[in-house]
Amino acid sequence: MSASRSQLALGAFLMQTGHHIAGWRHPGAQADAGSNFAHYVKLARQAEEAKFDAIFISDSVGVRNRDLASLSRTARSDQFEPLTLLSALAAVTERIGLIATASTSFNEPYNIARKFASLDQISGGRAGWNLVTSSGDGEAENFNLVKHLDHALRYERAAEFHQVVTGLWDSWEDDAFLRDQESGQYFDPAKLHVLNHKGKHFSVRGPLNVSRSPQGWPVIVQAGASDAGRDLAARTAEVVFVAHQTFDEARSFYSDIKARAAAYGRAPQEIRIMPGIFPVVAPTRAEAEEKFQYLQELIPTVVGVGLLSQMVGFDLSPYPVDGPLPELPPTNGAKSRQQLMVDLARRDGLSIRQTYLRIAGARGHQQVVGSPSDIADLLETWFRDGGADGFNIMSPAHPAGLTDFIELVLPELRRRGLFRTDYQGRTLREHLGLRRPAHPSARLQDLQN
């Protein structure tokens, strides 16, 4: 069992209509979810009522799939910008954490620091930043580039980006703003710290024009699993979102990240590892399998091949769909996800069709189809035996899939003492059991004393 907490953490990963590539066609899905704010309000409130730690919104700064034959038959072309969405959701929720993806590849550190600090203020300390490096040329072409930056360079830039953002979050000490109307003193100049960062990729003077976050810093989430991604996570992340196909892979990753963190002088409990889980649940296993098969039969071949092509960073449309996955050139995109797809196909002897059917719901994350006990068994095993500190729930279709998980699986997890019945704190850090970062000035005073 994780030594850092006795109950697992749960995030609700809210991808538009749901995570199954054909989920938008399910009768229980909101087909216009990508542009329906009321839909997200319903999901956020539902997850909060169920006491989830956070809702999680992913992002891409472009339409990744250029194959119109495939793209036009999925619900992956329209979505809200996540910080705008979460700022609005902060006003209609009170306790649940709000985690948004923002790329270090196509943003500037000052903008990201300002936006997340603002979200943390607006929400009363519930913000989290999912720090990612973008991976698609389609995104690069929206930002004056012909192709994406090299993989290693992206992660080098991301590390410095993180350094600048967190430095800007420490521009002001916690009690810097006096706002004393009688004396006329608005802030204490001695408690303002100008960053003056000059590095290889960024030159940022500062200070940030937002007061220090209620959480000290918004929670930092990271989602890379390549060697460069793991190293960045070990240095910077407080939550790691990752995809695994087997428990052995999960346990190996878990121990590797915790060991790398220790090498950077961090305690293992400073990082929560939360793999994605794609659950299809029904009162019985047979009913769950029937529900999953229904979704699988909604996938046109062109959509399945398009999805797998995107995952591996290589166009598979010229290859026989019932033939094996061909040898693939190294990608400059998401290297860990390409390797996961190749390993899956080779290990289980899958054809292209069989591979896309295997990943149509979870995109490489763990998929479990069964009864409430089946789902709870898997989550408990991974949590107690060193594979995870919690999970991001990737429902097949929204809102139906999230409702199923809440109504069927959560009671079983609570019966086993694995999940809370109510919130104990108000901030995302408190939900996750993460410490509030002290301002550097306070750490300096502690050393001097």
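Which FRET efficiency, nearest 0.05, do VAL63 and LEU178 yield, Cβ-Cβ r, R0 56 Å?
Here the calculated transfer efficiency is 0.70.
So what J values fall out for segment 388-395 if you push phi through Karplus, 6.51 cos²θ - 1.76 cosθ + 1.60 with θ = phi - 60°, rounded to Hz, Gly and Pro as x?
6, 9, x, 8, 9, 7, 10, 5
For labels at THR301 and GLN424 in the simple 7 Å Cα→Cβ model, what's the distance in nm?
Distance between the two pseudo-spin positions: 5.5 nm.
Work out the FRET efficiency for GLU49 and LEU145 from their Cβ-Cβ distance, taking R0 = 56 Å, and round it to the nearest 0.05.
The computed FRET efficiency comes out at 0.80.
So how compact is segment 157-262: Cα radius of gyration and Dmax in angstrom?
18.5, 63
Once both axes come from the Cα atoms, what is the angle between helix 335-348 and the longest principal axis of the chain, in degrees from 0 to 90, rounded to 10?
Approximately 30 degrees, to the nearest ten.
Pairing the Cα long axis of helix 151-169 with the longest principal axis of the chain, what angle in degrees results, from 0 to 90 and rounded to the nearest 10?
Tilt relative to the chain: about 40 degrees.
In nm², what is the average projected area of the convex hull enclosing the Cα atoms of segment 293-449?
If you wrap the Cα atoms of segment 293-449 in a convex hull and average its projections, you get 14.5 nm².
Going by average Cβ density within 10 Å per residue, which order do the peptides 16-25, 251-260 take, highest to lowest?
16-25, 251-260
Which angle between 0 and 90 degrees, to the nearest 10, do you get for helix 37-49 versus the longest principal axis of the chain when only C-alpha atoms count?
That helix lies at roughly 80 degrees to the long axis.
If you count, for each residue, the other Cβ atoms within 10 Å and average over each peptide, how do 295-303, 160-168, 323-331 line up from highest to lowest? Provide the component values of the computation, followed by the final result.
Values: 295-303: 16.7, 160-168: 21.9, 323-331: 13.2.
In descending order of packing, they fall as 160-168, 295-303, 323-331.
Determine the calculated [θ] at 222 nm for the chain from helices alone, applying -39500 (n - 2.57) to every DSSP H run no shorter than 4 residues and normalising by the residue count; nearest 500 deg cm²/dmol.
Details: 17 runs with 175 residues, N = 449.
Result for the chain, helices only: -11500 deg cm²/dmol.
Taking the highest mean first, how do the peptides 171-183, 147-159, 126-138, 105-117 order by number of other beta carbon atoms within 10 angstrom per residue?
Taking the mean over residues of other Cβ atoms within 10 Å, the ranking is 126-138, 105-117, 147-159, 171-183.
Suppose we keep just the DSSP beta bridges with both residues in the chain; what percent of those would be antiparallel, to 5? If you can, show how the numbers build up before the last one.
Working: 8 of 42 bridges.
Looking only at bridges with both residues in the chain, the antiparallel portion is about 20 percent.
Note down the Stokes-Einstein diffusion coefficient of segment 73-185 in µm²/s, whole number, using a Kirkwood radius over alpha carbon pairs, 37 °C, and 0.692 mPa s.
Answer from the Stokes-Einstein relation: 201 µm²/s.
If amide H atoms are built 1.01 Å from N in the plane of the peptide, which residues on other chains or at least 5 residues away come under 5 Å of the amide H of ILE220?
Distant-sequence amide H within range of ILE220: TRP129, GLU238, VAL239.
Please list 3J(HN,Hα) in residue order for segment 119-133, calculated via the Karplus relation 6.51 cos²θ - 1.76 cosθ + 1.60 where θ = phi - 60°; whole Hz, with x for glycine and proline.
With the stated coefficients, segment 119-133 comes to 4, 5, 5, 4, 8, x, x, 10, 8, x, 10, 8, 7, 10, 9 Hz.
Can you tell me which lysines have their Cα less than 29 Å from the Cα of LYS258? Leave out same-chain residues fewer than eight positions away.
Of all the lysines, those that pass the test against LYS258 - Cα under 29 Å, at least 8 places apart if same chain - are LYS51, LYS200, LYS335.
So how far, in whole Å, is the C-alpha centre of segment 263-285 from the one of segment 76-123?
22
Quick one: give the max-minus-min coordinate of the C-alpha atoms of segment 1-157 along each principal axis, largest first, in Å.
For segment 1-157, the Cα extents along the three principal axes come out at 45, 41, 35 Å.
Which listed residue (ALA140, PHE161, THR74) has the Cα farthest towards the positive end of the charge dipole for segment 51-208, taking +1 on Lys and Arg C-beta and -1 on Asp and Glu C-beta about the Cα centre?
Among ALA140, PHE161, THR74, the one farthest towards the positive end of the dipole of segment 51-208 is THR74.
Hey, if you drop one equal point scatterer on each alpha-carbon of the chain and run the Debye formula without solvent, what base-10 log of I(q)/I(0) do you get at q = 0.07, 0.09, 0.11, 0.13 Å⁻¹?
-0.34, -0.57, -0.86, -1.22
If you put +1 on each Lys and Arg Cβ and -1 on each Asp and Glu Cβ, how big is the dipole of the chain around its Cα centre, in Debye rounded to 20?
It comes to approximately 420 debye.
In whole Å, largest first, what are the principal axis extents of the Cα atoms in segment 56-136?
44, 28, 13
What number in nm² do you get for segment 132-206 if you take the convex hull of its Cα atoms and divide its surface by four?
7.0
Which whole-Hz couplings ³J(HN,Hα) result when phi for each residue of segment 63-76 is put into the Karplus expression 6.51 cos²θ - 1.76 cosθ + 1.60, θ = phi - 60°, listed in order with x for Gly and Pro?
8, 6, 8, 8, 7, 5, 4, 7, 4, 5, 10, 10, 9, 10
Leaving out ligands and nucleic acids, note down the accessible area per residue over the chain with a 1.4 angstrom probe, in whole Å².
Accessible area per residue, the chain: 42 Å².
Using only Cα atoms, what Kirkwood radius does segment 251-369 have, in angstroms?
About 16.3 Å, per the Kirkwood formula over Cα pairs.
Once R0 is set to 56 Å, what does the formula 1/(1 + (r/R0)^6) return for the Cβ-Cβ distance between VAL92 and GLU327, expressed as a FRET efficiency to the nearest 0.05?
Efficiency computed from Cβ-Cβ geometry: 0.65.
Taking H as built 1.01 Å from N, whose amide H comes closer than 5 Å to the amide H of PHE187, not counting residues under 5 places away?
LEU178, ARG179
Tell me, what % of the accessible area of the chain is carbon and sulfur with a 1.4 angstrom probe? Don't skip to the answer; put the middle values down first.
Values: 9260 of 18650 Å².
Ligands and nucleic acids excluded, carbon and sulfur reach 50 percent.
Separation of segment 59-74 and segment 417-434 by C-alpha centroid, Å?
Centre-to-centre (Cα) distance: 37 Å.
The values are calculated or read from the model by the stated rules, or taken from the named source; none is laboratory data. Values in this document were obtained by computation on a predicted structure and should not be read as measured data. Every residue, glycine as well, gets a Cβ built from its backbone with ideal geometry; the counts of neighbours run over all protein chains shown. The area values use the complete protein model at the heavy-atom level, side chains included, leaving out ligands, DNA and RNA. Shrake-Rupley method; radii C 1.70, N 1.55, O 1.52, S 1.80 Å.
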